[in-house]
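Asks: To start, I am sharing the structure in question, which I have written as structure tokens.
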Amino acid sequence: MAFGLDGAQALSQKARLARAVGEASLAVAAGGKYEMSPEEITTAKQIITHYIDYYFPEKLAISHIDIASAFHEVDQDSVSYTGYDISAVIKVPILFTAKMVSGLERNLAIGSGNVRIKKYSSVPADYVLVVDFTNSASRQSFTSLKSVVNEVSEYALKNNPENKIALVPYTIGVPVKLPGKNQRGGQRVGCSLLFVPNEGYDIDYTFWGDKSINNQSTATFNQFMYTMDRGRFDFYRYYVGGLYFNPPTDDVLVLARWCAKNKKYGSKEGRGEYSCHDGNYPDDDIFSERSQRIIASERAKARHVVLMQYKWNSLFNDNAIDYQATLNNMFSNNAVITYPLLWSRSTLSTFRPFQMMCENAGGYNPALPDNDLSQAAPFSWLIELTNDKSELAQVENMSQAGSWTQISSGLVRSVPVMMKGRNKRKVFIIISRRVDYLQPNADVTEKWLKQYQLCEKIKAGIKERGETNTSRVEMYFITYSEGVYAIPIKQAKQWHTIWAEHCVGTNNAATADDKDELLKTIKGFMNDETGHFAS
């Protein structure tokens, strides 16, 4: 009779142990890791121990816990999952402790058997974070923003290693790293936009982006060349040569390596006293055959582009953009306009003719240490879709700069970035800190959203192009207001409503007042599909 009762008790406890280990396995599987370090295995075993302690407070000991295997596989429906085989053995007291049989143990070893749990990952997604990098908020707020971007990137990759994330940091335009090095070995930086120019705005932006453009329509060709040549010399003397540095360097090296003294010079001759260029960059030589051809054919248009850019505060303006052609050509890099930014003060039109563009790229700042051309590096830059954690972590090294915002310039530029993704789910997350409430930039963004249904055209265009392997395209808009300098409440609410009603939908628009709320909101958007467990 004792043997029978003890046997029934053992079967009941074995079933209870299997349930305890099963629930503990779910907790272990929630981490989604199939390559576990010794420390992580120890932690997982501690989790299992806590569950067994809860189910068996009367146990004598846990004699064995084993995570036999952890694996990552794909099922017959091509859906990936992480699997775990876990088992445990415990010792429990038997019911009858009288010595009815000599030598009988007073405890019983019970094993759970092998418990297999599969954690199905969420559908892998491509996430493009279109983030406002203006200095319209406190430094602490920007630090929080960077931390959130870093945390959500880690979160997305932990949830599914096949996810990919891109960062598009915008002000007006998006800064990018250009290939090669500058004259002294630092990083070359560029400003990037996407639009098809109207007639009269179809200039070679790559050529004109780092030249001094005389905007006096009465200037002769030689006067125009003289002004441009003087501007090139000033850049080489003050920035390449380092006369702005503390202490200043000797410009003899600059003159010997990059510059040549002209026998004849002046506005009538069309040359400055010295003409400078770097042979590594053909467009740097304004007297080459190609450069002379561009200057002769485009200088009037280039002056006009500069004047209109001053009026609109942006190259991405209503006069310049061919909206319909841009909608048709925004799904590749063919319509991307990227021009170099000289490493100088961002407000000097002699070196950066398109002022206020991509100010978040940064530039010369005498207040910063190691502020010479060999140390030049962008404050922020575009990161293409990747699942490389180290590359995404670089956001922590970025800085904010620039006080003008044009959200539509960032969103349109993000489209060819997303087009490089091959996951079926594609998610745009737009984070704004300073809305486009200032005219005339606001007119452009409003026109894109209302008249041209930009967001719907983006969604439809990506899905129509089979090479992207897309089944779903989602868009979310978040206004992040922590530490942001005063913005008229009326305009802020108005623009939030416009993005909700004419782009993302009311349910996909949100506001966040602090870091924790922003992090929670983004994770909520990412967790549209969180996966499931199966045994």
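What follows is calculated from the coordinates using simple rules that are stated; it is not laboratory data. Bear in mind that the values here come from a model prediction, so they are computed numbers and not experimental data. A quick note on method: Cβ atoms are made from the backbone with ideal geometry, for glycine too, and the neighbour counts reach across all protein chains shown.
Asks: Sum up the charges of everything whose Cβ sits under 12 Å from the Cβ of S112, counting Lys and Arg as +1 and Asp and Glu as -1, but leave S112 out.
Replies: +1
Asks: Given R₀ = 45 Å, what would the calculated FRET efficiency be for N397 paired with A8, taking r from the Cβ atoms and rounding to 0.05?
Replies: Approximately 0.10, to the nearest 0.05.
Asks: May I ask you to derive the FRET efficiency for M1 and D66 from their Cβ-Cβ distance with R0 = 35 Å, giving the value to the nearest 0.05?
Replies: Efficiency at R0 = 35 Å is approximately 0.50.
Asks: Could you please rank L193, L145, placing first whichever residue has the fewest other Cβ atoms within 10 Å of its Cβ?
Replies: L145, L193
Asks: What length, rounded to one decimal in nm, is gained on full extension from K450 through to E23, with 0.36 nm per residue of separation minus their alpha-carbon distance?
Replies: 148.6 nm
Asks: Let me ask you something else. Peptides 36-49, 308-321, 449-462: what's the order by average Cβ count within 10 Å, highest mean first?
Replies: 308-321, 449-462, 36-49
Asks: Give the aspartates and glutamates reachable from K118 as a straight Cα distance under 16 Å; neighbours fewer than 8 places away on the same chain don't count.
Replies: Within reach: E23, E35, E73, D75, D77, D85.
Asks: If you don't mind, there's one more thing I want to ask. Quick one: of K426/K515; K181/K389; K158/K447, which pairs are farther than 28 Å apart, Cα to Cα?
Replies: K158/K447
Asks: Q355: net charge of surrounding residues, Cβ under 15 Å, Lys/Arg +1, Asp/Glu -1, itself excluded?
Replies: +3
Asks: Just to confirm the filter: which trypsin sites (Lys or Arg not before Pro) across segment 147-179 are DSSP coil and have at most 14 other Cβ within 10 angstrom of their Cβ?
Replies: Within segment 147-179, no trypsin sites (Lys or Arg not before Pro) qualify (loop, at most 14 other Cβ atoms within 10 Å).
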